[in-house]
Amino acid sequence: MKLWSGRFTKESDSLTEDFNASIAFDRRMYNQDITGSIAHARMLAKQGIINAEERDLIIKGLQEIRDGLDGGELQFSVQAEDVHMNIETLLIRRIGEVGKKLHTARSRNDQVALDMRLYLRDEIAVIRHHLLKLEETLLELAKQHTNTLMPGYTHLQKAQPVTLAHHLLAYFEMLRRDLERLSDCSRRLDYMPLGSGALAGTGFDLDRDYVREQLGFAHITRNSLDGVSDRDFALEFCSFASILMMHLSRFSEELILWSSEEFSFVDMDDAFSTGSSIMPQKKNPDLAELVRGKTGRVYGDLITLLTLMKSLPLAYNKDMQEDKEALFDAVDTVKKSLVVFAPMLQTARFRPEKMAAAARGGFTNATDLADYLVLKGLPFRDAHAVVGKTVLYCLANNLSLEDLDIEKYREFSPLIADDIYQYLAVEECIARRKVAGGPAPETVVRALREADEWIRGMGDV
């Protein structure tokens, strides 16, 4: 018999039970559900709503149920619908009538809101750890490649020379902002909703702050309707997750391109690659491709939640049962992607000689030639035109800017002198870019020091 069946005259149809039940997926929150129930029982006793003996019996029963679930001795039932009713049913079977008192002054509406916050708080701590490990990996790689030349690209066309360290630190900064977004999500998650009841609180004299302190929340929710009816904390997490996966996907795309024969900038380790079932020569960057592909499912999780919530009136609606699978999937996908990404990077073998050769081609120093003419007194727009004509000539004659002799240079501009060749050396082009945030090795070294300090300030990695 259902715990809510008093108003009904017949049993639920088996089709209703199957369609209505959420235990298949919300079972993963059983530990959070039991933790919240123990705190609630203690508060009920503190307020004199149940006595100390009843409190102790309830808590002992809940702890035994947790042990049984941890060890696999206890099983959930679809007939009890969800994780909350399953645990309450198990408790009543275990301790009898006293178990029926646990749900006093509580609704499944505020109970699930609490469980989801507790669950997400736990998972955010794990994700933060993995994200910091990836940041640490990027930092260590960047330290090894402060002088590794490579071409920078715009429109996937060679643009200007940079270093691999500078390129890696660009992703370091993206992930740093992702960590800030995750911290913001944690702060707004840090509100305890239990005590909101179904929607209108309760007439019992509850001590919500006592529950909050037991569960380690910073605040209690300020409105009972809001406490049970919004999932913006889950939406914010999925927004963070989508942006993070977008960053990982962009990095994956570059690793995929760089590992191709056309680039040959990096060789992905055999342990983090796969082969072809028909082409024996193939080594495919499948892990990077999967991260890129899994980004789409996290976007889908976010859109699922946004669509789910967009037309719901206050307060709780059964539609909101559909929030958990999307949230759980986003959590699982982000964790799996982060866990594999750091070792995939750590074992990748970059090819500095290939990168340097690519940096010296494609007229990546053309802007520097224009800057040289500006320093000689030519307005930049005129310098831009001179260099454009010079590049056009080189393209027609299969030459680089370094190949032109000084007489030919002076046909394009009499301002060009013999010092042009040193000025156009790729290493010099990079070294001159000392502006804050630029790719000059000395600037990158300062950025690495600051990043080191930031990592240390973030606590245990």
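Taking the three principal axes of the alpha carbon atoms in the stretch 312-396, the coordinate ranges are 71, 42, 26 Å, sorted in descending order. Where does the charge balance sit around LEU308 when Lys and Arg score +1, Asp and Glu -1, over other residues with C-beta under 13 Å from its C-beta? Around LEU308, the surrounding residues sum to -3.
The Kirkwood radius of the stretch 227-357, taken over pairs of alpha-carbon atoms, gives through the Stokes-Einstein law at 37 °C and 0.692 mPa s a diffusion coefficient of 197 µm² s⁻¹.
For the stretch 376-401 and the stretch 280-314, what is the separation of their C-alpha centers, rounded to whole Å? With the stretch 376-401 and the stretch 280-314 each reduced to a Cα centre, they are spaced 45 Å. Taking a point 7 Å from the Cα of GLN281 along the Cα-to-Cβ direction, the residues of the stretch 249-272 with backbone N closer than 16 Å to it are 260-264. Within the straight-line cut-off of under 18 Å between alpha carbons, the lysines reachable from LYS335 are LYS133, LYS294, LYS324, sequence neighbours fewer than 8 places apart in one chain being disregarded. Considering all different alpha carbon pairs of the stretch 76-119, the Kirkwood hydrodynamic radius works out to 11.1 Å. Over the residues of the chain, the helix contribution to mean residue ellipticity at 222 nm works out to -20000 deg cm²/dmol, using -39500 (n - 2.57) for each DSSP H run of at least 4. Summarising the label geometry, the points placed 7 Å from Cα in the beta-carbon direction at ALA417 and ASP270 lie 5.7 nm from one another. In the calculated pair-distance distribution of the stretch 383-460, the portion above 17 angstrom amounts to 61 percent of the Cα-Cα pairs. Label positions at MET246 and ALA396, each projected 7 Å from the Cα along the C-beta direction, are separated by 4.4 nm.
Report the longest stretch of the chain that contains none of the chymotrypsin sites (Phe, Trp or Tyr not before Pro) sitting in a DSSP loop with at most 12 other Cβ atoms within 10 Å. Looking at the chain, 9-461 is the longest stretch - no exposed chymotrypsin sites (Phe, Trp or Tyr not before Pro) with at most 12 other Cβ atoms within 10 Å. Rounded to two decimals, the Cα radius of gyration of the stretch 80-233 over 2.2 N^0.38 Å is 1.60. The chain: D in µm²/s via Stokes-Einstein (Kirkwood Rh, Cα pairs, 4 °C, 1.567 mPa s)? Once the numbers are plugged in, D ends up at 49 µm²/s.
Seen from ARG187, the other residues with C-beta closer than 12 Å to its C-beta sum to a net charge of -1, counting Lys and Arg as +1 and Asp and Glu as -1.
If you take the Cα centroid of the stretch 146-216 and the Cα centroid of the stretch 100-134, the two points sit 17 Å apart. Could you give the Stokes-Einstein D for the stretch 184-247 in µm² per second, using the C-alpha Kirkwood radius, 4 °C, 1.567 mPa s? It diffuses with D of about 100 µm²/s by this estimate.
Readers should treat all values here as calculations from the given coordinates under stated rules, not as data from a laboratory. Owing to the predicted nature of the structure, the values given are computational and were not obtained by experimental measurement. Positions of Cβ are generated from backbone atoms using ideal geometry, with glycine treated the same way; all protein chains shown enter the neighbour counts.
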